Amino acid sequence: MRATSLSAWTLLLGAAVLNSDITSAQNFPSKPIRMVVAGIGGASDIAARVLSDGLTASLGQPLVVDARPSGVIPVEFVAKAAPDGYTVLLSGGVLWQAPYIQANITYDPIKDFAPITLALSSPNVLVVHPSLPVKSVKELIALAKAQPGALNYGSAGVGSSSHLAAELFKSMAGVNLVGVSYKGAGQALTDLIGGQIQLIFATAPSATSYIKAGRLRGIAATSAQPSAMLPGLPTVAASGVPGYESILTQALVAPAKTPPANINRLNEEIVRVINKPEVKDRLANSALEVVGSSPEQLAALMKSDMAKMAKLVKDAGLRPQ
């Protein structure tokens, strides 16, 4: 009798939990959602503001963009947020790459986050100050080898896509460039325009307007193949560094243990919104290409990219800073 009673109680308790989860999912979201991004003016910030209007209408609640300093600060903040789906992170690969090159990381990319979707991708673009006497990757490599340590590259922080792209270039091209770390892409580009640094592997969304205006000179795209996002620019790989590739990704994640129903709701709405023609056009104008993966596909990408990152760090002799 006692065993039967316990079994019945367990079934009732399980049904109650299931009903609670269903009710929670049906009511989600019932308040504003905060989308945390890294750096004002960077690719994540630009993408989040394009997505904000569409998702606000789709979810029926305001989606508030919360831009914080670049690097791991936004990641660590979201890792500690309540696992309820009301705080999410839109981040580049820094989320899962930073632990390999930055010391004292306080989060685990796999254990502390629930993947939602790989939303967008974009190549970086190698840009230089117009006064620099180079118009190609080969000319840049020649100048860097003739003047080792004389050229400074800017980045949006340790672990950012601009930092990793530059370090990969240094390793594969065999050149000595000095890195200057900033709190965001906007500051790095401002100093590049002002001539305080000589080059940057900028995100395409943040650099294209300056290239079009002639304030910066685009040298090459970091994608494996020429990108429609950067018409007329050759790739780094085809311009003197065979095999080079560095792609900017924009992934959405939530804190671990966020209810799966809420993750699925966010995935469905985000993928639906970014595939709307008017949203795709706005994103394309900012050099961002729509992907829209499942949570499982993003999880697989993160694990694969982490394996590649481990090899890059080992081969390049990089150490956590």
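Structure notes:
- Filter result (small (Gly, Ala, Ser), outside any helix (DSSP H, G or I) and closer than 20 Å to Ala48 by Cβ) within region 263-309: Ser286, Ala287, Gly292, Ser293
- Matching residues, region 55-73, being at pLDDT below 90 and not hydrophobic (A, V, I, L, M, F, W, C): Arg68, Pro69, Ser70, Gly71
- Neighbours by Cβ (under 7 Å, 6+ apart or cross-chain): first from region 56-68, part of a helix (DSSP H, G or I); second surrounded by 13 or more Cβ atoms within 10 Å (Cβ to Cβ): Thr56/Pro62; Thr56/Leu63; Ser58/Glu269; Ser58/Arg272; Ser58/Val273; Leu59/Pro29; Leu59/Ile33; Leu59/Glu269
- Residue count for region 190-213 under the criterion of being at pLDDT 90 or above, polar (S, T, N, Q) and touching a strand residue (DSSP E or B) at 6+ places or on another chain (Cβ under 6 Å): the result is 1.
- Residues considered: Leu252, Leu312. Of these, the only one that is part of a helix (DSSP H, G or I), surrounded by 14 or more Cβ atoms within 10 Å (Cβ to Cβ) and of a type in the set (A, V, I, L, M) is Leu312.
- Within region 75-108, tally of residues that are surrounded by 24 or more Cβ atoms within 10 Å (Cβ to Cβ) and of a type in the set (A, V, I, L, M): 8
The values are calculated or read from the model by the stated rules, or taken from the named source; none is laboratory data. None of the values given here were measured: they were computed from a predicted structure. Backbone-built Cβ (ideal geometry, glycine too); neighbour counts: all protein chains shown.
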